[in-house]
Amino acid sequence: MLIACARRSVPSPVAKRSIAPISHGRVRLRSLEETDLPATLAWRNQDHIRKWFLTSDVITPAQHLAWYERYKVRDDDFVFVIEETETLRRTVGQVSLYKVDWQTGRCEFGRLMIGDPEATGLGLARMATDCLIGYAFSELALREIYLEVTGGNLRAIAVYLACGFKRIESRAGVDIMRLTSGQRDA
């Protein structure tokens, strides 16, 4: 007697999309590489930056590398290093699109930081935000971008409002903001 066994369908791994560098004004965004990890870790662990992350613990180099190993095979998480191209001519921060749902066209925006002290106050966070959301809508065909920001992070909130995000909810000290491609086009 033959017994039929149901085979479990295992999804095939999807390769991470390659995204060419994106430029806007004096900002260039390029995909995070392993060689960027020391800088991004140093930026992320600065007290004045870390306090704004929803998880604000200090991250060790081993934790950062383990995260990167998981990150580099995911097609729903894209971290970009921010390069200032005119005066400083170096990497100064990072920004991300993650939790990308390709079927619904939604993603979360975040991990925005300008970690180089010489680059703060130059408008680079706004340029990088504007650049990435424009790319997300036009080239990745996403329809909605949302974010969570600590309510006291007034500088970040000002950047997000200037780039068209609308505050849709506040809970437990965190503001939820959203931007749709229709709002961006209006």
With 22 Å as the cut-off, how large is the P(r) tail for the range 54-145, expressed as percent of Cα-Cα pairs? 36
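Can you tell me the equivalent ellipsoid semi-axes for the range 21-65? Use √(5λ) from the Cα gyration tensor, largest first, whole Å. Please report the intermediate quantities before stating the final value.
Working: eigenvalues 104, 43, 12 Å².
Here the semi-axes work out to 23, 15, 8 Å.
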Pull up the cross-link candidates among the lysines for Lys16, meaning alpha carbon to alpha carbon under 23 Å and not fewer than 8 places away within one chain. Lys72, Lys99
In whole µm²/s, the translational diffusion coefficient that Stokes-Einstein assigns to the chain, given a Kirkwood hydrodynamic radius over C-alpha pairs, 25 °C and 0.890 mPa s, equals 139
Theoretical ellipticity at 222 nm over the chain - DSSP helices of four or more residues, -39500 (n - 2.57) apiece, nearest 500: -8000 deg cm²/dmol
With charges set only on the Cβ (+1 for Lys and Arg, -1 for Asp and Glu), what does the dipole of the chain come to about its Cα centre, in debye to the nearest 20? 380
Extension gain (nm, one decimal) between Arg89 and Ser56, 0.36 nm per residue minus Cα-Cα: 9.0 nm
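Values quoted throughout were computed directly from the atomic coordinates according to the rules given, and no laboratory measurement underlies them. None of the values given here were measured: they were computed from a predicted structure. Cβ atoms come from the backbone with ideal geometry, glycine included; neighbour counts cover every protein chain shown.
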